[in-house]
Protein chains: 2
Amino acid sequence: MSDAPDLEFDDRGLLPVIAQDADTGDVLMLAYANREAIERTRETDRAHYYSRSRQQLWEKGATSGHTQAVREIRVDCDGDTLLYLVDQEGGACHTGHRTCFYRTIEGEHVGEEVFDPDDAYE
Amino acid sequence: MSDAPDLEFDDRGLLPVIAQDADTGDVLMLAYANREAIERTRETDRAHYYSRSRQQLWEKGATSGHTQAVREIRVDCDGDTLLYLVDQEGGACHTGHRTCFYRTIEGEHVGEEVFDPDDAYE
C-alpha cells in the first residue's frame with residue numbers, strides 16, 4: 001500500500017511548483033507542471049515544467065544550461081502545490097539572476113546577478 | 001519616479017504568493033492574493049491572502065492565532081508571483097505542521113508537527 005499523496009491539478013491540468021535551492025534555502029522561481037512534467041522530473045531527477053505560454057513540456061536549462069538537479073519533491077497539505085528542492089546550475093532566472101525574486105515590491109534590487117543573459121539565450 | 005515592479009494578476013485578479021520563514025528559509029505555504037490582500041499586507045505588515053474557496057480576503061492566523069508578520073515582500077521577474085518573508089507564529093499549516101510541505105511526493109513524512117489542529121480551529 002502506498003500513501004503517496006494525491007495530486008490536485010487545476011482545470012488546465014497544472015499545478016504550481018516552487019523551486020528552492022536545496023543548500024541555501026533561497027526560493028528560486030515558481031513555474032507550473034502537468035502530470036507529464038512531474039513524471040519526467042521523477043524519472044530523470046532534472047526539473048521539468050510545463051510552459052503555459054509555449055504550451056509544452058519544458059526541461060529547465062535545456063537551452064541555457066542552467067539546469068536544476070532535483071534532490072527531493074515535496075507536496076503541500078492539499079496536494080495542489082509542489083516544492084522541488086534543487087541544486088541550481090548557474091542562475092534560475094532568465095534575467096541572469098540567481099533567483100527570480102531579485103526585487104522587493106518597492107523596487108529595491110536585492111538579488112545577485114550570476115550570468116549574462118545575452119550569453120545564455122538567443 | 002518609482003521603479004516598483006508592475007504586478008501581473010491572472011484572469012481572476014489573483015497571483016500566487018509563497019510564504020517563506022525569514023529565519024529558517026523553510027517554504028511554509030502557497031496561497032493567492034488579490035490587489036486588496038497585498039495592500040492590506042503592506043499596510044499592516046501581517047500576511048493577507050484571498051481565499052479562492054471562500055471568495056474573500058483572509059488574514060492568515062485571524063482564527064487560529066498562527067499569524068505571519070511580514071518582513072519583506074519580493075516580486076519575481078515577470079511580476080506574477082510574490083514571496084512573503086515572514087515570522088511565522090506557531091505553524092503555517094492547518095494540519096498542525098510548521099509548513100504545508102511536510103510530505104515528499106513518495107508519501108514520506110518529513111515535517112514537524114507544532115500544534116494540535118483540534119485546538120486551533122473549530
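For the reader, a short list of remarks on this structure follows.
This table checks each residue for (1) open to solvent by 30 Å² or more (accessible area, probe 1.4 Å); (2) within 11 Å of the chain's Cα centre (by Cα); (3) among the hydroxyl-bearing types (Ser, Thr, Tyr); (4) at pLDDT 95 or above.
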| position | (1), (2), (3), (4) |
| --- | --- |
| B:Gly61 | no, yes, no, yes |
| B:Thr67 | yes, yes, yes, yes |
| B:Val75 | no, no, no, yes |
| B:Thr99 | no, yes, yes, yes |
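- Hits in segment B:50-72 (condition: in contact with an Asp or Glu (Cβ under 8 Å, 6 or more places away or on another chain) and not in a loop (DSSP other than H, G, I, E, B)): B:Tyr50, B:Leu57, B:Gln68, B:Ala69, B:Val70, B:Arg71
- Residue selected from segment B:77-97 under the condition facing another protein chain (nearest Cβ under 9 Å) and free of Cβ contacts under 8 Å to residues at least 60 places away in the same chain, by the criterion nearest to the chain's Cα centre (by Cα): B:His94
- Residue selected from segment B:11-23 under the condition within 11 Å of chain A (Cβ to nearest Cβ) and open to solvent by less than 30 Å² (accessible area, probe 1.4 Å), by the criterion farthest from the chain's Cα centre (by Cα): B:Leu15
- Single match in A:Glu39, A:Glu8 (criterion: under 15 Å from the mean Cα position of the chain (by Cα), over 20 Å from A:His94 (Cβ atoms) and exposed (fewer than 15 other Cβ atoms within 10 Å of the Cβ)): A:Glu39
- Residue check for A:Arg71: within 15 Å of the chain's Cα centre (by Cα), within 12 Å of chain B (Cβ to nearest Cβ), exposed (fewer than 14 other Cβ atoms within 10 Å of the Cβ) and not acidic (Asp, Glu): yes
- With respect to being open to solvent by less than 30 Å² (accessible area, probe 1.4 Å), more than 9 Å from every other protein chain (Cβ to nearest Cβ) and either over 16 Å from B:Leu30 (Cβ atoms) or at pLDDT below 95 (or both), A:Ser53 falls outside the description.
- Taken over segment A:24-36, the criterion of being open to solvent by 50 Å² or more (accessible area, probe 1.4 Å) and either facing chain B (nearest Cβ under 8 Å) or part of a strand (DSSP E or B) (or both) is satisfied by A:Thr24, A:Asp26.
- The residue that is most open to solvent (accessible area, probe 1.4 Å), counting only those in segment A:101-122 that are in a loop (DSSP other than H, G, I, E, B) and more than 8 Å from every other protein chain (Cβ to nearest Cβ), is A:Glu122.
- Subset tally (residues that are closer than 18 Å to A:Tyr49 by Cα and assigned to a strand (DSSP E or B)) for segment A:80-100: 7
The values are calculated or read from the model by the stated rules, or taken from the named source; none is laboratory data. Being a predicted model, the structure only gives us computed values, none of them experimental. For neighbour counting, all protein chains shown are included, and Cβ atoms are generated from backbone atoms with ideal geometry for every residue, glycine included. To get the accessible areas, we keep the full protein, side chains included, count just its heavy atoms, and leave off ligands, DNA and RNA. Shrake-Rupley method; radii C 1.70, N 1.55, O 1.52, S 1.80 Å.
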